[in-house]
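Notes for the one structure printed next.
Where a number appears in this text, it was derived from the coordinates with a stated rule and is not lab data. Quick caveat: nothing in here was measured; it's all calculated off a predicted structure. Neighbour counts run over all protein chains shown; Cβ positions are idealised from the backbone, glycine included.
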Amino acid sequence: MAKFKEREVESVQTENYEESEMGQLHSLHLSENGINNVRSKISTGPGLSHCMDCGDAIPEKRRKAVPGVKFCINCQEFNEKHNS
């Protein structure tokens, strides 16, 4: 009877360990998906010379500093405040 209980305990411990590992793998998968989602939203390329919203020129320094820039700094700040 003692050996049966011992095997039962070991079986439960193994199941708990496997469930824990599966939970960790699931969390890693979700994190990886989140990172890939953010990466897909990052603009690349030379960017625009004029703002998509107001039409003002986007300074060259901003275009170099922010790859794929589409908005002047004022419109970018406005969009971030109102679309968050």
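From least to most packed, judged by other beta carbons within 10 angstrom and beginning with the fewest, Leu48, Leu30 follow the order Leu30, Leu48. Taking amide H positions as modeled 1.01 Å from N, with prolines and chain starts lacking one, the residues under 5 Å from His50 and 5 or more places away or on another chain are Ile58. Here Lys81 is the anchor, and the aspartates and glutamates within straight C-alpha reach of less than 18 Å, apart from those fewer than 8 places off in the same chain, are Asp53. Fully extending the segment from Cys54 to Phe78 would add 7.5 nm, taking 0.36 nm per residue of separation and subtracting the current Cα-Cα distance. Once C-alpha pairs closer than 8 Å and six or more residues apart are averaged by separation and normalised to the residue number of the stretch 43-84, the relative contact order reads 42 percent. Summarising the label geometry, the points placed 7 Å from Cα in the beta-carbon direction at Lys70 and Glu15 lie 5.1 nm from one another.
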